[in-house]
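For reference, the structure discussed in these notes is given below.
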Amino acid sequence: MPAMQPLIVLGMHRSGTSLATSLLESAGLDVGQRLLGANASNPRGHFEDADFVEFQQAALRHVGVNGDGWITAAPPDLPDSIVVHARALVARKQQAGRPWGWKDPRTVPLLPLWLPLLPEAGFAVVYRAPWEVIESLYRRGDAAFMEDPELAVQVWLHYNRVLLDLALTAPDRCIVGNVEAMATHPSAWVAEVAAHTSTPLGTPGAAVVEPSLLHGDQARERAGLLFRHYPEVVAVYEQLQHLAWRPAGVDAPAPWTHHAEATADRRQAMHDWAAAAWAARERRRQATETHGATALVDNRTPAGWCACCRSETRFIETGAWLRDQFLCERCQSIPRFRAVNHTLDTWFPGWEQAALHEFTPPNDFVRRHCAHYSHSLLTERLQQADDTFDLVITQDLLEHVFEPDVTVREIMRVVKPGGAHVFTAPKHKGLRGTRQRARLDHGVVTHLLDPQYHGNPLADDRELVTWDFGDDFEVCLAGWCGLPTVTYVVRDRRLGLDGEYLDVFVTRKPARNFS
(Lines give C-alpha, C1' and ligand atoms only; values in the text may rest on other atoms or scores of the structure.)
Protein backbone atom coordinates (compact mmCIF):
# COMPACT_ATOMS: atom_id res chain seq x y z
CA MET A 1 0.00 0.00 0.00
CA PRO A 2 1.58 3.34 -1.01
CA ALA A 3 2.44 5.78 1.76
CA MET A 4 -0.17 8.49 2.32
CA GLN A 5 1.11 11.85 1.15
CA PRO A 6 0.59 14.82 3.47
CA LEU A 7 -1.42 17.98 3.10
CA ILE A 8 0.91 20.81 4.12
CA VAL A 9 -0.38 24.24 5.16
CA LEU A 10 1.97 26.93 3.89
CA GLY A 11 2.02 30.59 4.74
CA MET A 12 3.99 33.46 6.19
CA HIS A 13 3.91 33.97 9.95
CA ARG A 14 0.78 35.85 11.14
CA SER A 15 -1.11 35.06 7.93
CA GLY A 16 -3.92 32.88 9.28
CA THR A 17 -2.28 29.47 8.97
CA SER A 18 -3.44 28.59 12.49
CA LEU A 19 -7.04 29.24 11.46
CA ALA A 20 -6.57 27.17 8.29
CA THR A 21 -5.04 24.27 10.17
CA SER A 22 -7.70 24.33 12.89
CA LEU A 23 -10.38 23.99 10.19
CA LEU A 24 -8.56 21.12 8.47
CA GLU A 25 -7.94 19.39 11.80
CA SER A 26 -11.64 19.63 12.70
CA ALA A 27 -12.43 18.12 9.28
CA GLY A 28 -10.33 15.02 10.00
CA LEU A 29 -6.72 15.89 9.15
CA ASP A 30 -4.16 14.53 11.62
CA VAL A 31 -1.88 17.53 12.27
CA GLY A 32 0.15 15.92 15.06
CA GLN A 33 -0.24 14.56 18.54
CA ARG A 34 2.17 16.97 20.25
CA LEU A 35 0.93 20.43 19.32
CA LEU A 36 2.38 23.75 20.43
CA GLY A 37 0.22 25.43 23.04
CA ALA A 38 -1.34 28.87 23.08
CA ASN A 39 0.47 32.08 23.89
CA ALA A 40 -0.27 35.81 24.00
CA SER A 41 -0.06 36.21 20.22
CA ASN A 42 -2.09 33.08 19.45
CA PRO A 43 -4.43 32.53 22.42
CA ARG A 44 -6.32 29.65 20.77
CA GLY A 45 -3.20 27.67 19.92
CA HIS A 46 -0.95 27.38 16.88
CA PHE A 47 -1.95 23.88 15.63
CA GLU A 48 1.74 23.28 14.95
CA ASP A 49 3.26 19.82 15.32
CA ALA A 50 6.14 20.28 17.75
CA ASP A 51 8.07 17.51 15.97
CA PHE A 52 8.21 19.55 12.75
CA VAL A 53 8.73 22.89 14.51
CA GLU A 54 11.69 21.64 16.53
CA PHE A 55 13.22 19.90 13.53
CA GLN A 56 12.89 22.93 11.25
CA GLN A 57 14.21 25.33 13.89
CA ALA A 58 17.27 23.11 14.28
CA ALA A 59 17.72 22.80 10.51
CA LEU A 60 17.70 26.58 10.03
CA ARG A 61 20.10 27.16 12.89
CA HIS A 62 22.40 24.44 11.55
CA VAL A 63 23.01 26.53 8.42
CA GLY A 64 23.30 29.80 10.32
CA VAL A 65 19.76 31.12 9.84
CA ASN A 66 17.49 32.63 12.50
CA GLY A 67 15.46 29.79 14.03
CA ASP A 68 12.24 31.83 13.87
CA GLY A 69 12.54 31.89 10.10
CA TRP A 70 13.14 35.62 9.65
CA ILE A 71 14.81 35.10 6.33
CA THR A 72 14.81 37.21 3.16
CA ALA A 73 16.51 34.81 0.73
CA ALA A 74 16.83 31.07 0.19
CA PRO A 75 18.84 29.36 2.96
CA PRO A 76 22.11 27.57 2.21
CA ASP A 77 21.96 23.96 1.09
CA LEU A 78 21.24 21.55 3.93
CA PRO A 79 23.67 18.73 4.70
CA ASP A 80 22.74 15.10 4.09
CA SER A 81 22.33 14.50 7.82
CA ILE A 82 19.39 16.94 7.91
CA VAL A 83 17.78 15.24 4.91
CA VAL A 84 18.07 11.85 6.63
CA HIS A 85 16.31 13.21 9.72
CA ALA A 86 13.56 14.74 7.55
CA ARG A 87 12.97 11.45 5.75
CA ALA A 88 12.74 9.57 9.06
CA LEU A 89 10.28 12.13 10.45
CA VAL A 90 8.01 11.74 7.42
CA ALA A 91 8.16 7.94 7.59
CA ARG A 92 7.12 8.03 11.23
CA LYS A 93 4.12 10.27 10.50
CA GLN A 94 3.00 8.09 7.60
CA GLN A 95 2.83 4.96 9.76
CA ALA A 96 -0.57 5.95 11.13
CA GLY A 97 -2.11 5.35 7.71
CA ARG A 98 -4.60 8.22 7.92
CA PRO A 99 -4.82 11.67 6.29
CA TRP A 100 -2.10 13.78 7.84
CA GLY A 101 -0.17 16.96 7.40
CA TRP A 102 1.49 19.78 9.25
CA LYS A 103 1.72 23.53 9.57
CA ASP A 104 4.79 25.57 10.44
CA PRO A 105 5.67 28.83 8.64
CA ARG A 106 9.32 27.73 8.55
CA THR A 107 8.30 25.11 5.99
CA VAL A 108 8.16 27.87 3.35
CA PRO A 109 11.89 28.69 3.26
CA LEU A 110 12.65 24.96 3.67
CA LEU A 111 10.55 23.85 0.68
CA PRO A 112 13.73 22.83 -1.24
CA LEU A 113 14.13 20.15 1.45
CA TRP A 114 10.57 18.86 1.38
CA LEU A 115 9.61 18.93 -2.29
CA PRO A 116 11.96 16.08 -3.37
CA LEU A 117 10.98 14.00 -0.31
CA LEU A 118 7.23 14.45 -0.87
CA PRO A 119 6.70 14.64 -4.64
CA GLU A 120 2.94 14.12 -4.37
CA ALA A 121 2.16 16.22 -1.30
CA GLY A 122 -0.72 18.68 -1.47
CA PHE A 123 -0.39 22.29 -0.37
CA ALA A 124 -2.94 24.64 1.18
CA VAL A 125 -1.34 28.03 0.57
CA VAL A 126 -2.61 30.77 2.87
CA TYR A 127 -1.84 34.46 2.42
CA ARG A 128 -2.94 37.70 3.99
CA ALA A 129 -2.70 41.36 3.05
CA PRO A 130 0.88 42.54 3.63
CA TRP A 131 -0.09 45.53 5.73
CA GLU A 132 -2.03 43.24 8.08
CA VAL A 133 0.91 40.82 8.46
CA ILE A 134 3.39 43.62 9.07
CA GLU A 135 1.10 45.28 11.61
CA SER A 136 0.74 41.94 13.43
CA LEU A 137 4.50 41.38 13.51
CA TYR A 138 5.07 44.83 14.96
CA ARG A 139 2.37 44.34 17.58
CA ARG A 140 3.88 41.03 18.60
CA GLY A 141 7.05 42.91 19.47
CA ASP A 142 9.80 40.64 18.07
CA ALA A 143 13.16 42.26 18.68
CA ALA A 144 14.27 41.68 15.08
CA PHE A 145 11.51 43.96 13.73
CA MET A 146 11.85 46.55 16.46
CA GLU A 147 15.50 46.97 15.52
CA ASP A 148 14.88 46.89 11.75
CA PRO A 149 11.20 47.58 10.87
CA GLU A 150 11.85 47.16 7.14
CA LEU A 151 12.83 43.53 7.76
CA ALA A 152 9.14 42.69 8.16
CA VAL A 153 8.44 43.86 4.60
CA GLN A 154 11.36 41.90 3.18
CA VAL A 155 10.41 38.70 5.04
CA TRP A 156 6.81 38.98 3.81
CA LEU A 157 8.09 39.48 0.28
CA HIS A 158 10.42 36.47 0.35
CA TYR A 159 7.87 34.08 1.84
CA ASN A 160 5.11 35.08 -0.54
CA ARG A 161 7.38 34.98 -3.58
CA VAL A 162 8.18 31.37 -2.67
CA LEU A 163 4.46 30.62 -2.31
CA LEU A 164 3.64 32.32 -5.61
CA ASP A 165 6.35 30.37 -7.42
CA LEU A 166 5.05 27.08 -5.99
CA ALA A 167 1.48 27.90 -7.00
CA LEU A 168 2.56 28.74 -10.54
CA THR A 169 4.81 25.70 -11.04
CA ALA A 170 2.62 23.09 -9.29
CA PRO A 171 -0.97 24.30 -9.72
CA ASP A 172 -2.35 20.75 -9.60
CA ARG A 173 -0.98 20.32 -6.06
CA CYS A 174 -1.74 23.79 -4.62
CA ILE A 175 -4.83 25.67 -3.63
CA VAL A 176 -4.24 29.33 -2.78
CA GLY A 177 -6.58 31.00 -0.30
CA ASN A 178 -6.92 34.44 1.23
CA VAL A 179 -7.50 34.19 4.97
CA GLU A 180 -10.57 36.46 4.83
CA ALA A 181 -12.30 34.25 2.25
CA MET A 182 -11.40 31.18 4.29
CA ALA A 183 -12.76 32.69 7.52
CA THR A 184 -15.99 33.78 5.84
CA HIS A 185 -16.61 30.52 3.94
CA PRO A 186 -14.85 27.81 6.01
CA SER A 187 -16.85 24.81 4.78
CA ALA A 188 -16.51 25.76 1.12
CA TRP A 189 -12.78 26.31 1.52
CA VAL A 190 -12.21 22.93 3.20
CA ALA A 191 -14.27 21.20 0.52
CA GLU A 192 -12.16 22.84 -2.19
CA VAL A 193 -8.92 21.83 -0.45
CA ALA A 194 -10.15 18.25 -0.17
CA ALA A 195 -11.14 18.08 -3.85
CA HIS A 196 -8.05 19.83 -5.21
CA THR A 197 -5.50 17.84 -3.20
CA SER A 198 -7.41 14.51 -3.12
CA THR A 199 -7.38 14.55 0.67
CA PRO A 200 -10.33 12.79 2.35
CA LEU A 201 -11.82 15.41 4.67
CA GLY A 202 -15.18 15.85 6.34
CA THR A 203 -17.10 18.94 7.34
CA PRO A 204 -15.06 21.39 9.44
CA GLY A 205 -16.04 22.95 12.72
CA ALA A 206 -16.65 26.66 13.10
CA ALA A 207 -14.04 29.22 12.08
CA VAL A 208 -12.77 31.06 15.14
CA VAL A 209 -10.87 34.11 13.97
CA GLU A 210 -7.81 35.05 16.00
CA PRO A 211 -7.51 38.50 17.55
CA SER A 212 -4.38 39.20 15.53
CA LEU A 213 -6.32 38.85 12.28
CA LEU A 214 -8.22 42.07 12.88
CA HIS A 215 -6.34 45.34 13.05
CA GLY A 216 -8.87 47.65 11.42
CA ASP A 217 -8.37 51.03 9.90
CA GLN A 218 -4.93 51.74 11.32
CA ALA A 219 -3.35 48.79 9.48
CA ARG A 220 -5.15 49.71 6.24
CA GLU A 221 -3.83 53.27 6.52
CA ARG A 222 -0.32 51.84 6.39
CA ALA A 223 -1.10 50.24 3.04
CA GLY A 224 -0.38 53.55 1.37
CA LEU A 225 3.22 53.44 2.51
CA LEU A 226 3.67 49.98 0.98
CA PHE A 227 1.91 51.04 -2.21
CA ARG A 228 4.20 54.03 -2.69
CA HIS A 229 7.53 52.59 -1.62
CA TYR A 230 7.38 48.82 -2.22
CA PRO A 231 5.92 48.16 -5.69
CA GLU A 232 7.32 44.62 -5.60
CA VAL A 233 5.05 43.87 -2.64
CA VAL A 234 2.08 45.19 -4.60
CA ALA A 235 2.96 42.96 -7.56
CA VAL A 236 3.25 39.77 -5.49
CA TYR A 237 0.06 40.48 -3.56
CA GLU A 238 -1.93 41.13 -6.75
CA GLN A 239 -0.67 37.89 -8.32
CA LEU A 240 -1.74 35.93 -5.27
CA GLN A 241 -5.12 37.63 -5.39
CA HIS A 242 -5.47 36.60 -9.03
CA LEU A 243 -4.65 32.93 -8.30
CA ALA A 244 -6.67 32.64 -5.09
CA TRP A 245 -9.72 30.46 -4.63
CA ARG A 246 -13.00 32.36 -4.36
CA PRO A 247 -16.37 31.05 -3.22
CA ALA A 248 -19.02 30.65 -5.89
CA GLY A 249 -20.67 33.94 -6.69
CA VAL A 250 -17.83 36.10 -5.31
CA ASP A 251 -16.30 38.42 -7.88
CA ALA A 252 -12.57 38.71 -8.47
CA PRO A 253 -10.95 41.36 -6.25
CA ALA A 254 -10.39 44.77 -7.75
CA PRO A 255 -6.76 45.80 -8.36
CA TRP A 256 -5.07 47.16 -5.28
CA THR A 257 -5.06 50.94 -5.38
CA HIS A 258 -4.39 53.46 -2.67
CA HIS A 259 -5.33 57.05 -3.33
CA ALA A 260 -3.69 58.62 -0.32
CA GLU A 261 -4.07 62.36 -0.35
CA ALA A 262 -1.53 64.77 1.07
CA THR A 263 -3.92 65.53 3.91
CA ALA A 264 -4.16 61.89 4.88
CA ASP A 265 -0.38 61.49 4.73
CA ARG A 266 0.10 64.55 6.90
CA ARG A 267 -2.46 63.32 9.42
CA GLN A 268 -0.78 59.91 9.61
CA ALA A 269 2.65 61.48 10.10
CA MET A 270 1.35 63.65 12.95
CA HIS A 271 -0.36 60.61 14.48
CA ASP A 272 2.96 58.74 14.44
CA TRP A 273 4.71 61.71 16.04
CA ALA A 274 2.10 61.92 18.78
CA ALA A 275 2.21 58.16 19.37
CA ALA A 276 5.99 58.21 19.73
CA ALA A 277 5.78 61.12 22.18
CA TRP A 278 3.11 59.33 24.18
CA ALA A 279 5.17 56.14 24.29
CA ALA A 280 8.14 58.10 25.65
CA ARG A 281 5.89 59.65 28.30
CA GLU A 282 4.56 56.22 29.26
CA ARG A 283 8.09 54.89 29.67
CA ARG A 284 8.94 57.78 31.97
CA ARG A 285 5.72 57.27 33.96
CA GLN A 286 6.34 53.55 34.37
CA ALA A 287 9.90 54.22 35.50
CA THR A 288 8.55 56.67 38.09
CA GLU A 289 5.99 54.13 39.32
CA THR A 290 8.70 51.50 39.60
CA HIS A 291 11.18 53.62 41.57
CA GLY A 292 8.99 56.21 43.30
CA ALA A 293 6.99 55.06 46.31
CA THR A 294 4.48 57.90 46.04
CA ALA A 295 3.61 57.42 42.34
CA LEU A 296 -0.07 56.97 41.49
CA VAL A 297 -1.33 53.99 39.46
CA ASP A 298 -3.29 54.98 36.33
CA ASN A 299 -6.14 52.57 35.53
CA ARG A 300 -6.53 53.95 32.00
CA THR A 301 -5.09 52.50 28.84
CA PRO A 302 -2.94 54.69 26.58
CA ALA A 303 -4.76 56.65 23.90
CA GLY A 304 -6.88 54.42 21.69
CA TRP A 305 -9.84 54.38 19.33
CA CYS A 306 -13.47 53.66 20.21
CA ALA A 307 -15.63 52.07 17.51
CA CYS A 308 -18.79 53.27 19.26
CA CYS A 309 -18.14 57.03 19.44
CA ARG A 310 -15.59 56.87 16.61
CA SER A 311 -13.07 59.07 18.32
CA GLU A 312 -9.69 59.01 20.01
CA THR A 313 -10.25 58.18 23.67
CA ARG A 314 -8.97 56.29 26.67
CA PHE A 315 -10.53 53.24 28.28
CA ILE A 316 -10.99 53.09 32.03
CA GLU A 317 -11.25 50.02 34.27
CA THR A 318 -13.94 50.72 36.86
CA GLY A 319 -13.93 47.20 38.28
CA ALA A 320 -12.63 43.66 37.85
CA TRP A 321 -15.48 42.46 35.56
CA LEU A 322 -14.13 44.05 32.40
CA ARG A 323 -17.07 42.98 30.26
CA ASP A 324 -19.19 45.63 31.97
CA GLN A 325 -16.51 47.71 33.69
CA PHE A 326 -14.00 48.65 30.98
CA LEU A 327 -15.53 51.91 29.80
CA CYS A 328 -14.79 54.39 27.06
CA GLU A 329 -13.93 57.68 28.74
CA ARG A 330 -15.97 59.60 26.14
CA CYS A 331 -19.14 57.59 25.46
CA GLN A 332 -19.15 55.09 28.38
CA SER A 333 -19.57 52.14 26.00
CA ILE A 334 -18.63 48.66 27.23
CA PRO A 335 -16.44 46.11 25.39
CA ARG A 336 -19.37 44.09 24.00
CA PHE A 337 -20.80 47.15 22.21
CA ARG A 338 -17.38 48.03 20.83
CA ALA A 339 -16.83 44.44 19.65
CA VAL A 340 -20.07 44.52 17.64
CA ASN A 341 -19.28 47.88 16.06
CA HIS A 342 -15.72 46.80 15.31
CA THR A 343 -17.02 43.66 13.57
CA LEU A 344 -19.45 45.74 11.50
CA ASP A 345 -16.71 48.19 10.52
CA THR A 346 -14.26 45.43 9.61
CA TRP A 347 -16.46 42.92 7.79
CA PHE A 348 -19.40 45.03 6.59
CA PRO A 349 -17.94 48.31 5.31
CA GLY A 350 -20.74 50.72 4.45
CA TRP A 351 -23.10 49.18 7.00
CA GLU A 352 -24.15 52.69 7.97
CA GLN A 353 -26.34 52.74 4.83
CA ALA A 354 -27.70 49.21 5.25
CA ALA A 355 -31.24 48.27 6.18
CA LEU A 356 -30.29 47.21 9.71
CA HIS A 357 -32.74 45.84 12.26
CA GLU A 358 -31.99 45.12 15.89
CA PHE A 359 -34.11 43.03 18.19
CA THR A 360 -34.35 44.50 21.67
CA PRO A 361 -32.77 45.79 23.72
CA PRO A 362 -31.60 48.36 21.15
CA ASN A 363 -28.00 49.55 21.10
CA ASP A 364 -27.70 53.29 20.70
CA PHE A 365 -24.11 52.93 19.52
CA VAL A 366 -25.36 51.10 16.42
CA ARG A 367 -28.44 53.26 15.95
CA ARG A 368 -26.57 56.57 16.01
CA HIS A 369 -24.43 55.62 13.01
CA CYS A 370 -27.00 53.81 10.82
CA ALA A 371 -29.24 55.80 8.47
CA HIS A 372 -31.80 52.98 8.08
CA TYR A 373 -31.93 51.57 11.60
CA SER A 374 -35.01 49.93 13.12
CA HIS A 375 -35.71 47.76 16.13
CA SER A 376 -38.51 45.71 17.61
CA LEU A 377 -39.29 43.10 20.22
CA LEU A 378 -38.26 39.55 19.47
CA THR A 379 -41.27 37.26 19.18
CA GLU A 380 -41.53 33.52 18.59
CA ARG A 381 -42.62 34.09 14.98
CA LEU A 382 -41.29 37.31 13.51
CA GLN A 383 -43.77 39.62 11.86
CA GLN A 384 -41.37 40.83 9.17
CA ALA A 385 -41.52 39.46 5.63
CA ASP A 386 -38.88 37.23 4.08
CA ASP A 387 -35.67 38.91 2.85
CA THR A 388 -36.33 42.27 4.54
CA PHE A 389 -33.05 43.35 6.17
CA ASP A 390 -29.42 43.57 5.08
CA LEU A 391 -28.28 43.04 8.66
CA VAL A 392 -29.93 41.85 11.84
CA ILE A 393 -28.28 42.50 15.21
CA THR A 394 -29.00 40.68 18.47
CA GLN A 395 -26.94 41.15 21.59
CA ASP A 396 -26.99 38.66 24.47
CA LEU A 397 -30.48 37.53 23.51
CA LEU A 398 -30.33 33.89 22.40
CA GLU A 399 -29.46 32.59 25.87
CA HIS A 400 -32.81 33.92 27.10
CA VAL A 401 -35.15 32.33 24.53
CA PHE A 402 -36.67 28.90 25.02
CA GLU A 403 -36.23 27.80 21.39
CA PRO A 404 -33.04 29.32 19.96
CA ASP A 405 -33.28 26.99 16.97
CA VAL A 406 -36.61 28.54 15.98
CA THR A 407 -35.27 32.03 16.68
CA VAL A 408 -32.20 31.78 14.46
CA ARG A 409 -34.21 30.24 11.63
CA GLU A 410 -36.70 33.09 11.83
CA ILE A 411 -33.92 35.67 11.89
CA MET A 412 -32.24 34.18 8.81
CA ARG A 413 -35.63 34.11 7.08
CA VAL A 414 -35.96 37.90 7.33
CA VAL A 415 -32.33 38.49 6.29
CA LYS A 416 -31.82 39.34 2.62
CA PRO A 417 -29.68 37.07 0.43
CA GLY A 418 -26.10 38.15 0.97
CA GLY A 419 -27.00 39.65 4.36
CA ALA A 420 -26.08 38.47 7.83
CA HIS A 421 -27.10 38.01 11.43
CA VAL A 422 -24.43 39.61 13.68
CA PHE A 423 -24.87 38.69 17.32
CA THR A 424 -23.34 38.16 20.73
CA ALA A 425 -24.08 35.44 23.27
CA PRO A 426 -22.00 34.15 26.19
CA LYS A 427 -20.08 31.08 25.06
CA HIS A 428 -18.78 29.25 28.11
CA LYS A 429 -15.20 28.15 27.41
CA GLY A 430 -14.60 24.63 28.66
CA LEU A 431 -18.29 23.65 28.61
CA ARG A 432 -18.14 20.82 26.09
CA GLY A 433 -21.81 20.63 25.24
CA THR A 434 -24.52 23.28 25.03
CA ARG A 435 -27.18 22.61 27.67
CA GLN A 436 -30.72 23.78 28.28
CA ARG A 437 -31.40 25.34 31.66
CA ALA A 438 -35.17 25.83 31.41
CA ARG A 439 -38.01 24.97 29.06
CA LEU A 440 -41.57 26.18 28.56
CA ASP A 441 -44.27 23.52 28.92
CA HIS A 442 -47.75 24.81 28.01
CA GLY A 443 -46.92 28.26 29.35
CA VAL A 444 -45.25 26.96 32.54
CA VAL A 445 -41.48 27.28 33.02
CA THR A 446 -39.76 24.03 34.01
CA HIS A 447 -36.26 24.49 35.44
CA LEU A 448 -33.78 21.81 34.38
CA LEU A 449 -30.96 23.46 36.35
CA ASP A 450 -30.92 25.95 39.21
CA PRO A 451 -32.48 29.20 37.98
CA GLN A 452 -30.03 31.82 36.80
CA TYR A 453 -30.79 35.40 35.76
CA HIS A 454 -29.04 38.15 33.83
CA GLY A 455 -29.71 41.84 34.03
CA ASN A 456 -32.19 43.35 31.55
CA PRO A 457 -33.23 47.00 31.65
CA LEU A 458 -36.50 46.06 29.92
CA ALA A 459 -37.47 43.31 32.36
CA ASP A 460 -36.94 44.82 35.82
CA ASP A 461 -33.26 43.91 35.55
CA ARG A 462 -34.07 40.17 35.75
CA GLU A 463 -34.03 37.89 32.69
CA LEU A 464 -34.09 34.10 33.01
CA VAL A 465 -31.17 32.26 31.39
CA THR A 466 -32.62 29.34 29.42
CA TRP A 467 -29.48 28.00 27.71
CA ASP A 468 -25.75 27.70 28.45
CA PHE A 469 -23.83 27.75 25.17
CA GLY A 470 -20.68 25.62 25.12
CA ASP A 471 -17.74 24.87 22.87
CA ASP A 472 -20.14 23.28 20.37
CA PHE A 473 -22.22 26.46 19.99
CA GLU A 474 -21.27 27.06 16.34
CA VAL A 475 -22.05 23.42 15.51
CA CYS A 476 -25.45 23.83 17.16
CA LEU A 477 -26.11 26.98 15.17
CA ALA A 478 -25.28 25.21 11.92
CA GLY A 479 -27.74 22.47 12.81
CA TRP A 480 -30.44 24.94 13.77
CA CYS A 481 -30.36 27.15 10.67
CA GLY A 482 -28.38 25.12 8.13
CA LEU A 483 -25.72 27.83 7.66
CA PRO A 484 -22.16 28.12 9.00
CA THR A 485 -21.38 30.70 11.67
CA VAL A 486 -18.01 32.45 11.92
CA THR A 487 -16.76 33.60 15.32
CA TYR A 488 -14.72 36.79 15.58
CA VAL A 489 -12.72 37.37 18.76
CA VAL A 490 -10.61 40.51 19.13
CA ARG A 491 -8.61 41.47 22.19
CA ASP A 492 -6.90 44.81 21.77
CA ARG A 493 -6.88 47.21 24.68
CA ARG A 494 -6.20 50.19 22.41
CA LEU A 495 -9.58 49.43 20.84
CA GLY A 496 -11.14 48.90 24.26
CA LEU A 497 -11.60 45.20 23.50
CA ASP A 498 -10.80 43.19 26.57
CA GLY A 499 -12.81 41.23 29.08
CA GLU A 500 -15.08 38.23 29.25
CA TYR A 501 -17.36 36.81 26.52
CA LEU A 502 -16.22 39.06 23.66
CA ASP A 503 -17.11 36.59 20.88
CA VAL A 504 -19.08 38.12 18.02
CA PHE A 505 -20.87 35.59 15.82
CA VAL A 506 -21.77 36.14 12.16
CA THR A 507 -24.13 33.93 10.18
CA ARG A 508 -24.31 34.93 6.51
CA LYS A 509 -27.11 34.12 4.12
CA PRO A 510 -25.85 33.03 0.68
CA ALA A 511 -26.21 35.65 -2.01
CA ARG A 512 -28.07 33.14 -4.15
CA ASN A 513 -28.54 29.40 -4.45
CA PHE A 514 -26.39 27.33 -6.79
CA SER A 515 -27.47 24.04 -8.23
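Data overview
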item	result
FRET E, pair His229, Asp386, Förster distance 56 Å, beta-carbon r, rounded to 0.05	0.65
Vicinal HN-Hα couplings computed from phi for region 138-147 (Karplus, 6.51 cos²θ - 1.76 cosθ + 1.60; Hz; Gly/Pro x)	5, 5, 5, x, 4, 4, 4, 8, 5, 6
Distance between region 153-195 and region 463-511 - C-alpha centres, whole angstrom	27 Å
For region 357-515, accessible area per residue (1.4 Å probe, heavy atoms of protein chains only), Å²	47 Å²
Region 467-515: trypsin sites (Lys or Arg not before Pro) in DSSP loop, at most 11 other beta carbons within 10 Å	Arg512
Dipole magnitude (debye, nearest 20) for region 386-515, charges at Cβ of Lys, Arg, Asp, Glu	460 debye
Separation in nanometres of the label points that stand 7 Å from Cα toward Cβ, at Arg246 and Leu377	4.6 nm
Built amide H within the under 5 Å cut-off of Gly418, gap 5+	Lys509, Ala511
Extension gain (nm, one decimal) between Trp321 and Ala191, 0.36 nm per residue minus Cα-Cα	42.7 nm
Farthest positive-ward along region 112-155 dipole, Cα basis, beta-carbon charges - from Gly122, Phe145, Val133	Gly122
Label-point separation in nm, Leu115 to Glu312, each point 7 Å along Cα→Cβ	4.9 nm
Candidate lysines - alpha carbon under 30 Å from Lys427, same-chain residues fewer than 8 apart omitted	Lys103, Lys416, Lys509
Pairwise label distance in nanometres, Tyr138 with Gln95, each label 7 Å out on the Cα-Cβ vector	4.8 nm
Computed over region 394-515: relative contact order in percent, which uses C-alpha pairs under 8 Å that are six or more apart	33 percent
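The values are calculated or read from the model by the stated rules, or taken from the named source; none is laboratory data. Note that the structure is a prediction, hence the values are computed from the model and not measured. Note that we place each Cβ from the backbone using ideal geometry, even for glycine, and neighbour counts take in every protein chain shown. Just so you know, the surface numbers come from the protein's heavy atoms only, side chains and all, with ligands and any DNA or RNA stripped out. Shrake-Rupley method; radii C 1.70, N 1.55, O 1.52, S 1.80 Å.
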